[in-house]
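Enquirer: Have a look at this one before I ask anything.
What follows is calculated from the coordinates using simple rules that are stated; it is not laboratory data. Note that the structure is a prediction, hence the values are computed from the model and not measured. Positions of Cβ are generated from backbone atoms using ideal geometry, with glycine treated the same way; all protein chains shown enter the neighbour counts.
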Amino acid sequence: MTSSAHGLLAASISKGSGDPDDPAAVQAMQMVINLPKQDPPARNTMLVCAAQAVALVCLDERAGREGFWRERLEAWYSRRIRKVARRARNKAWEDVQALPGITVGCVRAFVPCAVSEVPHEVAKLQIRGTDLPADTHPPLLDDTAPTIVVDASLEMTAGKAAAQVGHASMLYAAARPEEEVREWVATGCPLNVRDVDADVFAACAADPRAVPVRDAGFTEVAPGSTTVLTLPPGVFAARDSSRG
């Protein structure tokens, strides 16, 4: 990652305007989730991968120099930040790996583009059917990594939640010092994701260190809903321990 990749994100993420007048020119980041019929990923695993993949696209060293990657991100940052999650399996999953983007585990996030320019290999994939059951036993928390907290009471599908945690990782990176983010990227953007009930989410949202994501409300949730938030390393783990 170069300093200008983080600088571009930090300077642009909160300044985007609304959508362009031409619907075909609406900018969006496409995300594809590998959901095989047999042995699909756990919901928590998928959400971690989604958040990491989006952050790595935004903070890739190619965003720090002139060219295709930076130009696409600049166009996306300048408008309402939109993401579209789709599902794939087998050959369809293999086919999208050649398109510009970054894969982390079961999720590939692509360099953003206008909705009229989405490659056929992605555009043909279904948006519906991205749901996964809640995890009964999520992995242990890494208290050295930030935690993205999801409001489970909103009952978001896995695809919707993937887009929200992707936005959360972007906002978190934009809010943190450059050197800290550089080190975070160098280690693959480690993070935790936790689905919590409304009361716990409200308590986390009251923490002044929380970085919230408020949704525009185009799908699944009401406009202005705070869907997810990110807490710095150790904060959620300490809170979880004190509740126990």
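Enquirer: Given a cut-off of under 8 Å on Cα pairs at least six residues apart, what relative contact order in percent is computed for the chain?
Expert: Relative contact order, the chain: 26 percent.
Enquirer: Among the aspartates and glutamates, which fall within straight-line cross-link reach of LYS160, defined as a Cα-Cα distance under 15 Å, with same-chain neighbours fewer than 8 residues apart omitted?
Expert: The qualifying aspartates and glutamates are ASP131, ASP151, ASP195, ASP215, GLU220.
Enquirer: Moving on. Using the Karplus curve 6.51 cos²θ - 1.76 cosθ + 1.60 with θ = phi - 60°, what ³J(HN,Hα) values do you get for each residue of segment 201-215, in whole Hz, with x for Gly and Pro?
Expert: My calculation for segment 201-215 gives 4, 4, 5, 5, 5, 6, 6, x, 8, 6, 10, x, 10, 10, 8 Hz in order.
Enquirer: Charges on Cβ only, +1 for Lys and Arg, -1 for Asp and Glu, centred on the Cα centroid of the chain; of TYR77, PRO36, LEU231, which one is farthest towards the dipole's positive end?
Expert: It is PRO36.
Enquirer: Distances longer than 19 Å among the Cα atoms of segment 14-143: what percent of all pairs is that?
Expert: 52 percent
Enquirer: Another one. How big is the Rg/Rh ratio for the chain, C-alpha atoms only, Rh by Kirkwood, two decimals?
Expert: That ratio is 0.94, to two decimals.
Enquirer: Oh, and also: How big is D for segment 107-234, in µm² s⁻¹ as a whole number, if Stokes-Einstein is applied with the Kirkwood radius of its Cα pairs at 37 °C and 0.692 mPa s?
Expert: 205 µm²/s
Enquirer: Let me ask you something else. With a cap of 15 neighbouring Cβ atoms within 10 Å, and only residues DSSP puts in a loop, list the trypsin sites (Lys or Arg not before Pro) found in segment 22-82.
Expert: Passing sites in segment 22-82 are LYS37, ARG65, ARG80.
Enquirer: Can you work out ³J(HN,Hα) from phi for every residue in segment 62-69, in order, using Karplus 6.51 cos²θ - 1.76 cosθ + 1.60 and θ = phi - 60°, giving whole Hz and x for Gly and Pro?
Expert: Residue by residue, segment 62-69 yields 5, 6, x, 9, 4, x, 3, 4 Hz.
Enquirer: Helix-derived [θ] at 222 nm for the chain: sum -39500 (n - 2.57) over DSSP H runs of at least 4, divide by residue count, nearest 500?
Expert: That calculation yields -11000 deg cm²/dmol at 222 nm.
Enquirer: Check which residues have an amide H placed less than 5 Å from ASP19's amide H, if you skip close sequence neighbours.
Expert: ARG80
Enquirer: With loop defined by DSSP as not H, G, I, E or B, and exposure as at most 12 other Cβ atoms within 10 Å, which is the longest segment of the chain clear of exposed GluC sites (Glu not before Pro)?
Expert: That gives 156-244 as the longest site-free run.
Enquirer: Using 0.36 nm times the number of residues separating GLU183 and LYS37, minus their current alpha carbon distance, what extension gain do you get?
Expert: 48.9 nm
Enquirer: Give, as a single signed number, the net charge of other residues whose beta carbon lies under 11 Å from the beta carbon of ASP151, with Lys and Arg counted +1 and Asp and Glu -1.
Expert: Net of charged neighbours comes to -4.
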